[in-house]
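Only one structure is covered here, and it is reproduced in the block below.
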Amino acid sequence: MEANMPKRKEPGRSLRIKVISMGNAEVGKSCIIKRYCEKRFVSKYLATIGIDYGVTKVHIRDREIKVNIFDMAGHPFFYEVRNEFYKDTQGVILVYDVGQKDSFDALDAWLAEMKQELGPHGNMENIIFVVCANKIDCTKHRCVDESEGRLWAESKGFLYFETSAQTGEGINEMFQTFYISIVDLCENGGKRPTTNSSASFTKEQADAIRRIRNSKDSWDMLGVKPGASRDEVNKAYRKLAVLLHPDKCVAPGSEDAFKAVVNARTALLKNIK
Ligand code: GTP
Ligand code: MG
């Protein structure tokens with residue numbers, strides 16, 4: 001039997017699944033769950049101590065799904081408490097705060113923690129992950145934009161939603177899609193259906209967009225040495241243009257990256273004799 005297979009009460013009808021939340025402290029994990037389960041929002045920060053556990057029932061297609069939610073504390077202090085809750089999970093809600101770059105950068109470390117706790121025989125491939133870019137109501141403080149978050153999530157085969165636990169935006173859609181994906185996984189024998197597991201763009205495209213986004217100047221953006229010749233600039237430009245052309249590339253952020261590459265080439269050629 002697959003390690004991540006949920007327990008069934010009545011074969012074919014009711015399902016019991018385990019879902020956990022992950023992400024840095026204060027990003028809004030508990031508030032997202034509360035918004036969905038209790039339809040309310042608490043603005044005062046009440047840090048989760050270790051783990052909060054709750055059960056909820058949802059109906060997906062003709063099935064009753066009993067969801068056991070383990071809401072984890074994000075603070076490093078609680079590592080010893082949460083580390084034993086990673087196993088036998090079908091779904092992970094991975095949350096960051098769009099106004100806290102650190103919380104976005106920490107997502108890889110959260111995946112690493114889970115992988116480590118699952119051990120060498122643990123299988124992260126057959127778990128549904130949904131990434132919540134939370135606190136989108138705080139538009140003034142936003143520093144991680146949608147395409148950056150979406151690119152990270154989709155290049156890993158994860159779902160991505162923009163959410164606000166405060167206003168409720170995106171919350172129901174996120175849970176609905178998340179649960180449907182988990183039911184699909186269960187009906188597929190505990191394996192992620194292949195259609196959901198691969199991104200519709202390549203790693204090379206995702207890496208190029210990230211590199212362009214983080215480049216320090218036009219030379220760096222085209223991946224050529226400062227002082228490169230017209231030919232070298234044009235060659236590098238053509239390679240990136242083919243890779244990222246909006247007609248060919250559907251990766252989040254590809255349009256902006258393509259425009260940036262066009263502008264970088266124009267700016268460099270102006271100054272090269
Ligand atoms: P830990 O339990 O410590 O890991 O934190 P957490 O991720 O569970 O955060 P929690 O849900 O407790 O929320 C942290 C703070 O952010 C609280 O003050 C919430 O009111 C606030 N908050 C959560 N979600 C949102 C949101 O979507 N918008 C805004 N503006 N504030 C939010
Ligand atoms: Mg919490």
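Ordering Lys140, Lys225 by how much accessible area each has at a 1.4 Å probe, largest first, what is the list?
Lys140, Lys225
In whole percent, and with a 1.4 Å probe on the protein chains, what portion of the accessible area of the chain is carbon and sulfur?
About 51 percent, which is the carbon plus sulfur part of the accessible surface.
Below 8 Å between Cα atoms, with a sequence gap of 6+, how large is the relative contact order for the chain in percent? Intermediate results must be reported in sequence, preceding the final value.
Details: 458 pairs, mean separation 45.7, N = 273.
Result for the chain is 17 percent.
Which entries of Lys87/Lys203; Lys29/Lys115; Lys34/Lys57 show an alpha-carbon separation above 25 angstrom in the structure shown?
Lys87/Lys203
What's the angle, to the nearest 10 degrees (0 to 90), between helix 171-187's Cα axis and the longest principal axis of the chain?
Taking the Cα atoms of the chain, the angle to 171-187 is about 80 degrees.
Mind checking the per residue accessible area of the chain for me, 1.4 Å probe, whole number of Å²?
Accessible area per residue: 53 Å².
Would you calculate a helix-derived [θ] at 222 nm for the chain, using -39,500 (n - 2.57) for each DSSP H run of n ≥ 4 and dividing by the full residue count, to the nearest 500?
Value at 222 nm, helices only, nearest 500: -12000 deg cm²/dmol.
Mind putting together the pair-distance distribution for region 123-167? All Cα pairs, 10 Å bins, whole percent per bin, short to long.
27, 48, 21, 4
Taking a probe of 1.4 angstrom, what is the accessible area of Cys186 in Å², to the nearest 10?
Solvent-accessible area, nearest 10 Å²: 0 Å².
Pairing the Cα long axis of helix 29-38 with the longest principal axis of the chain, what angle in degrees results, from 0 to 90 and rounded to the nearest 10?
50 degrees
If you project the alpha carbons of region 189-272 onto the principal axes, what extent comes out on each, in Å, largest first?
60, 22, 18
Starting from the Cα gyration tensor of region 32-173, take the square roots of the eigenvalues, sort them a ≥ b ≥ c, and report rounded, prolate or oblate (rounded when a/c is under 1.5, otherwise prolate if a/b is larger than b/c, else oblate).
In terms of gyration-tensor shape, rounded.
Which value, in Å² rounded to 10, gives the accessible area of Ile60 with a 1.4 Å probe and all protein chains present?
Estimated to the nearest 10 Å², Ile60 gives 10 Å².
Sort Glu80, Glu154, Glu255, Glu113 by accessible area with a 1.4 Å probe, largest first.
Result, largest first: Glu80, Glu255, Glu154, Glu113.
Taking the 0 to 90 degree range and rounding to the nearest ten, how far is the long axis of helix 203-213 tilted relative to the main principal axis of the chain, both from C-alpha atoms?
Rounded to the nearest ten degrees, it is 70.
For region 203-271, calculate the relative contact order in percent as a whole number, restricting contacts to Cα pairs under 8 Å that are 6 or more residues apart.
Normalised by residue count, the contact order of region 203-271 is 38 percent.
Starting from the amide H of Thr163, placed 1.01 Å from N in the peptide plane, find each other amide H under 5 Å away whose residue is 5 or more places distant or on another chain.
Ala133, Asn134, Lys135, Ile136
Quick check: convex hull over the Cα atoms of the chain, volume per residue in Å³, rounded to an integer?
Enclosed volume per residue, from the Cα hull, is 147 Å³.
For region 187-260 and region 50-123, what is the separation of their C-alpha centers, rounded to whole Å?
Value for the Cα centre distance between the two parts: 30 Å.
The values are calculated or read from the model by the stated rules, or taken from the named source; none is laboratory data. Just so it is clear, the model here is predicted, and its values are computed rather than measured. For the accessible areas, the whole protein counts, side chains as well, though only heavy atoms, and no ligand, DNA or RNA atoms are used. Shrake-Rupley method; radii C 1.70, N 1.55, O 1.52, S 1.80 Å.
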